[in-house]
Each structure stands twice: as C-alpha cells, then as structure tokens.
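The values are calculated or read from the model by the stated rules, or taken from the named source; none is laboratory data. Since this is a predicted model, take the numbers as computed values, not measurements. Note that each Cβ is placed from the backbone with ideal geometry, even for glycine, and that neighbours are counted across all protein chains shown.
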Amino acid sequence: MSTVVLLLFTGLGLGALYFLVAAGLSLIYGLMGVLNFAHGAFLTLGAFAGWEVARRTGSDNWGIFLLSLLVGAAAGAAFAAFTEFVLIRRLYQRHIEQLLITLGLSLAAVALFDGIWGTDPVFIQGPAWFKDTTEILGARIPNDRFVCIIAAVLVLLAMVFFLKNTRYGMIIRAGVENRSMVTALGIDVRKAFTLVFTIGGAAAGLGGVLASHYFGYVSPMLGGSLLIFAFIVTVIGGLGSLTGAAIASVAVAVLQQFANFYLGGTGDFVVVLALALVLLFRPSGLLGRTS
Amino acid sequence: MTAAAETRPILRIEGLSAHIAGQQVVEDVSFTVPATGITALLGRNGVGKTSTIKAIIGLIDRTGAVELDGVRIEKDPTFKIIRSGVGYVPEDREVFSKLTVAENLRLAERDDAPRRQLVEDLFPDLLARSAQMAGTLSGGQQQMVSLARALLNTNKILLVDEPTKGLAPKIVAEVAETLAEAAKTVPILLVEQNLHVVRQLAEGSVVLSGGRVVHTGSALGFLDDAELTQRLLGVAAEAPAPEIRENTGKFPVTTEAAPAGKGAAL
C-alpha cells in the first residue's frame with residue numbers, strides 16, 4: 001500500500017511539472033496553431049534564473065525560494081514574449097517556418113545555456129523542509145512533491161479564473177475555437193497571441209524552478225527532457241484544452257511511475273503506447289475540439 | 001451629410017481577385033454598394049459570393065481596391081476594417097459554441113456605447129438565454145446571436161452571408177424582418193440563395209458567375225427576368241413566398257427551441 005501511495009504522489013508531482021509546461025503549449029497551439037518546440041527553453045531559462053537567485057543570495061530559505069519562483073516565471077515570460085513578438089509574429093499561417101524557427105531556437109538556446117552555465121548539471125538546494133518527508137498511509141513522501149502539486153493547482157486555478165473572468169480570457173477561449181471569427185469581430189487577436197505566449201512562458205519558467213527542486217539539479221537539457229512528455233500530454237489532453245492538459249498530465253505521469261515500478265522500467269514505452277491509442281481511437285484527445 | 005456624400009456608394013470594389021489554397025475564387029470583381037438599402041450579391045453555388053465577402057474584409061488573400069465610405073481599406077488587417085465600420089454576419093453563423101450567449105455578444109462590443117437595448121428589443125429571447133452555451137442553441141437562435149453581434153455596433157455597412165441558410169420557413173421570415181428593420185439605418189450587402197427573401201428585401205443586385213460580375217442592376221428587374229435568372233442562377237424565382245408576419249420589430253424564434261438557460265443580463 002505504501003508503495004502505491006508513494007508512486008501516486010511521485011506521479012502527481014511529476015504530473016504537476018508536465019502540466020506547467022503543457023498548459024502553455026496547449027493554449028499556444030489551440031489559439032495560434034504554433035507547435036512551439038522552444039517551450040522547453042523557456043523552462044530551462046526559468047530554472048537557471050531561479051538557481052541564480054539562490055546562488056547569488058547564498059541562501060536557501062523560503063523567502064529566497066519564493067523569490068526564485070517569481071524570477072523564474074518572469075524570465076520564462078520575457079523569453080516567451082520575445083519569441084512571439086520578434087520571431088513568430090511575422091510567420092503566422094506559415095506553420096512549417098514556425099516549426100523550424102522554434103526548433104532552431106530550442107537548439108540555439110541549449111547551446112547558449114551550455115555557453116553560460118556549462119554542460120554539466122548544477123545542483124540546487126531548497127528550504128530544508130524540502131529534504132524531509134511526510135508520512136501518508138505508511139509511505140514517506142518527499143515534501144518537494146507537495147510544493148509542485150500545490151503550485152500547479154494554483155496555476156491551474158489562476159489560468160481558469162483568467163480565462164473565465166477577463167475579456168482577454170474570453171478572447172483566448174473564442175480564438176481557440178475560431179480565430180478568424182475573432183478578428184472578424186474587430187479584435188486585434190495578435191495581442192492575445194503575445195499574452196498567451198507570455199502566460200505559457202511564465203508557467204514554464206515556474207515549472208523550471210520547481211523541476212530543479214524535484215530533480216535536484218538544473219541542466220541545459222532539462223527543458224527538452226520534459227518537453228517531450230509535455231507534447232504527449234498536450235495531444236492526449238486535447239490541443240487547446242487547459243483542463244484536458246491537467247487531466248492528461250496527471251494520468252501520464254502516474255501511469256509512467258506505475259509502469260516504471262511494476263513493469264520493469266517501461267514507463268516511457270507505456271506513455272507512448274497510450275499516446276498511440278489516443279491518436280488511433282480519439283484523435284482529438286480527451287477534451288480537445290473535433291475538427 | 002452633403003449631397004455628394006449621400007449619393008456616393010458606401011462600398012466600392014475595384015478589380016478584386018482572391019485566392020484560396022492557390023486557386024482563384026474571385027476574379028477581377030468590381031461593383032459598388034449604395035449608401036442605403038439592401039444590395040443582393042447573387043450567383044449559383046460556388047461562384048465566389050462568400051469568397052467575395054471574405055475578401056472585402058481581408059479574411060482571405062486578395063488583390064484589388066476596396067473603398068469604404070471614400071477611404072481605401074484593402075491594406076488594413078481584418079480587425080481594422082471591421083473597426084472602421086463593417087458588421088459581418090458569416091455564413092453558418094460561426095457563433096463561439098463554448099462561450100455563452102452573453103459572452104458572444106460582449107466579445108462583439110467594440111463601440112464605447114454598444115447598442116445593447118436595441119439588441120434586447122430585437123431579440124428578447126437572447127436575454128432569457130444569455131447564460132446558455134451558444135453551441136446548444138438551435139440554428140435560428142444561433143442566427144439571432146450572429147445578427148445581434150453585428151447590430152450591437154454602429155456600422156457603415158453590414159455584410160450578411162446567407163442568413164437564412166438551413167433555417168425553417170418561419171425563422172426565415174423572422175430573419176428577413178430583422179434585416180428589413182436593420183436596413184432602415186445601415187446599408188446591407190446580402191448574400192442570399194432564397195430568392196423570395198431577395199425579392200422581399202433587396203433593391204439592387206450584383207450577380208456573379210465563375211468568380212466574375214456578370215450582371216448588376218435592380219434586384220426586382222433581375223428576378224422578373226425569368227430567362228436571365230434561369231441562366232445565371234440556374235433557378236426560377238417563382239416558388240411560394242415565405243410567410244411574412246406583420247413587422248413587430250422583435251425576433252422571438254419560438255421554434256426549434258432548446259432549453260433556456262438561467263437568465264442574466266446581456
């Protein structure tokens with residue numbers, strides 16, 4: 001029983017990280033049709049920015065941790081806004097070029113991070129409480145899992161509130177459904193594009209800081225390794241669906257953990273199998289639009 | 001308004017050509033829309049009527065000149081063209097199905113003082129259904145939302161694309177009434193397959209064939225010429241007219257009713 005509980009919470013923690021990356025990916029694709037391979041770079045930059053905060057202050061208390069979350073989110077948001085405004089904006093409706101640009105940017109960003117921070121992982125310390133465990137039903141759960149889960153839930157609630165209760169949220173929801181009709185109502189949808197990129201980048205940057213504590217290190221490849229699973233989550237959840245991304249994040253991560261433990265380390269294979277089944281039998285994903 | 005402004009067409013199209021996926025769908029189209037009344041844009045299925053409307057507001061790639069109230073707009077992006085005073089009612093309604101009726105309408109508000117009262121007076125049923133998801137409305141109710149979105153703002157022209165398509169005869173009559181009411185204050189370029197609605201509403205006509213303008217003139221004059229109508233539209237304009245109720249200035253849409261959601265202010 002304790003193993004199941006431990007796997008469940010580890011899966012939930014990992015699912016929280018997947019969600020923080022997939023939320024932005026899903027909204028960006030849903031609204032703009034942009035398959036953003038650079039999204040992992042937003043996460044990595046956020047992780048390094050958070051690490052720099054901890055390193056430069058030489059402190060690992062809660063205040064510094066919260067500051068690193070803010071700085072990581074801001075770094076991810078700024079990088080994403082720059083990407084949309086400078087690189088993507090001129091290429092709307094040119095999907096191949098967009099894909100090539102974001103793919104190239106992801107490779108260039110890793111090279112840049114290598115140049116600045118080196119190719120080796122840098123290890124990170126968080127508040128002492130992170131190193132402790134909390135016992136639930138006999139399982140000793142690492143505390144950093146709870147932080148990831150709580151942060152992801154708060155981000156999900158904030159995004160849902162934004163989408164449901166603000167004019168720009170309404171524009172984004174409408175744009176995901178029918179972008180050309182939004183412009184045909186006299187709305188400059190490009191502002192929504194920049195906003196969605198920025199929000200997605202902020203969530204990824206936040207996820208980067210949390211991922212660095214979850215795994216205990218930051219490396220230039222951190223974003224790329226999570227991005228693959230975030231893409232899978234985005235497709236399974238349904239492109240453009242925030243709730244779908246949340247459900248799929250948890251499902252994929254928990255499935256991955258259980259398969260790794262009970263099926264001889266086949267977690268990644270089982271996840272890809274799940275993706276194939278969804279594509280075969282429900283191509284629009286769990287909660288995606290059908291077209 | 002000066003006499004010159006009154007006689008000047010509200011919309012002038014000159015040499016408009018448009019492509020979709022590399023295929024030419026509109027070819028060197030030129031016509032004008034007067035500043036009053038309803039002008040029907042007619043033609044057989046697939047001749048480029050919807051493409052012409054979309055090309056005017058830049059929803060598809062096009063070349064040529066588009067002049068709205070004396071100002072060239074063809075270089076502007078779609079949202080600017082709309083903001084310069086164009087109301088667009090698309091074919092197939094295109095309401096946002098996952099937004100409520102109230103959200104669909106709020107999204108369309110672009111004026112400082114949107115005409116909410118006018119919309120509530122014209123479409124009282126929408127008030128009762130304001131909290132309902134637009135995707136759960138009947139076709140007629142979705143058409144209400146689509147028309148209401150255009151009428152919320154003060155426009156120089158309305159581009160209305162097949163507003164009666166797929167609707168029951170009673171709803172067709174109600175849509176026609178609403179358009180007649182709207183045309184008292186704003187000129188309309190109307191794409192419409194129902195020739196009785198055209199006969200009832202339109203003063204002028206522009207007929208397309210093969211992506212080109214092949215006839216312009218009085219709508220009644222065109223429809224009364226059976227041979228010309230048959231040749232250019234492939235149909236005769238002789239079917240029974242839809243029942244037109246006395247104009248109440250309201251659009252209740254009582255048929256095909258889906259359950260009303262909890263009422264809320266628009």
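A few comments on the model shown:
- Within the range A:132-176, the set of residues being within 14 Å of chain B (Cβ to nearest Cβ) and either farther than 19 Å from B:LYS98 by Cβ or surrounded by fewer than 20 Cβ atoms within 10 Å (Cβ to Cβ) (or both) comprises A:VAL160, A:LEU163, A:LYS164, A:ASN165, A:THR166, A:ARG167, A:TYR168, A:GLY169.
- Residue within the range A:255-267 that is closer than 30 Å to A:ILE64 by Cα, crowded, with 24+ Cβ neighbours inside 10 Å and either of a type in the set (S, T, N, Q) or at pLDDT 95 or above (or both) present: no
- Given (1) in contact with a Phe, Trp or Tyr (Cβ under 6 Å, 6 or more places away or on another chain); (2) part of a helix (DSSP H, G or I), index of the condition A:PHE162 fails: (1)
- Flag for A:ARG94 being surrounded by fewer than 19 Cβ atoms within 10 Å (Cβ to Cβ), within 19 Å of A:ARG179 (Cβ to Cβ) and touching a helix residue (DSSP H, G or I) at 6+ places or on another chain (Cβ under 8 Å): no
- Of all residues in the range A:185-206, those being part of a helix (DSSP H, G or I) and either surrounded by fewer than 21 Cβ atoms within 10 Å (Cβ to Cβ) or β-branched (Val, Ile, Thr) (or both) number 8.
- Just one of the numbered conditions (1) assigned to a strand (DSSP E or B); (2) out of contact with any helix residue (DSSP H, G or I) (no Cβ under 9 Å at 6 or more places or on another chain); (3) modelled with pLDDT of 95 or more is not true of B:LEU41: (2).
- With respect to the conditions (1) of a type outside the set (Lys, Arg); (2) within 14 Å of chain B (Cβ to nearest Cβ); (3) within 19 Å of the chain's Cα centre (by Cα), A:THR194 falls short on a single one, namely (2).
- Residue list for the range A:101-150, filter: out of contact with any Asp or Glu (no Cβ under 8 Å at 6 or more places or on another chain), aliphatic (A, V, I, L, M) and within 17 Å of A:GLY216 (Cβ to Cβ): A:VAL122, A:ILE124, A:VAL147
- Pick from the range B:57-80, criterion within 11 Å of another protein chain (Cβ to nearest Cβ), in contact (Cβ under 8 Å) with a residue 24 or more places away in the chain and out of contact with any Phe, Trp or Tyr (no Cβ under 7 Å at 6 or more places or on another chain), ranking: surrounded by the fewest Cβ atoms within 10 Å (Cβ to Cβ): B:ASP61
- Qualifying residue in the range A:224-233 (condition: surrounded by fewer than 19 Cβ atoms within 10 Å (Cβ to Cβ) and either within 14 Å of chain B (Cβ to nearest Cβ) or under 13 Å from the mean Cα position of the chain (by Cα) (or both)): yes
- Yes/no for A:VAL182 being more than 11 Å from the chain's Cα centre (by Cα), within 14 Å of chain B (Cβ to nearest Cβ), crowded, with 24+ Cβ neighbours inside 10 Å and in a helix (DSSP H, G or I): yes
- Subset of the range A:29-54 that is in contact (Cβ under 8 Å) with a residue 40 or more places away in the chain and of a type in the set (Val, Ile, Thr) - its residue that is surrounded by the most Cβ atoms within 10 Å (Cβ to Cβ): A:THR44
- B:ARG83 within 14 Å of chain A (Cβ to nearest Cβ), under 14 Å from B:ASN155 (Cβ atoms), surrounded by fewer than 21 Cβ atoms within 10 Å (Cβ to Cβ) and of a type outside the set (S, T, N, Q): yes
- Taken residue by residue, the range B:134-142 has at least one member that is more than 10 Å from every other protein chain (Cβ to nearest Cβ), among the hydroxyl-bearing types (Ser, Thr, Tyr), farther than 27 Å from B:ILE73 by Cβ and surrounded by fewer than 17 Cβ atoms within 10 Å (Cβ to Cβ).
- Matching residues, the range B:129-176, being part of a helix (DSSP H, G or I) and either in contact with a Leu (Cβ under 7 Å, 6 or more places away or on another chain) or without any contact (Cβ under 8 Å) to a residue 12 or more places away in the chain (or both): B:ALA134, B:GLY139, B:GLY140, B:GLN143, B:MET144, B:VAL145, B:ALA148, B:ARG149, B:ALA150, B:LEU151, B:VAL175, B:ALA176
- Scanning the range B:88-104 for residues that are at the interface with chain A (Cβ under 9 Å from one of its Cβ atoms) and not in a loop (DSSP other than H, G, I, E, B) gives B:TYR88, B:GLU103, B:ASN104.
- Subset tally (residues that are surrounded by 23 or more Cβ atoms within 10 Å (Cβ to Cβ) and of a type in the set (Gly, Ala, Ser)) for the range B:12-46: 3
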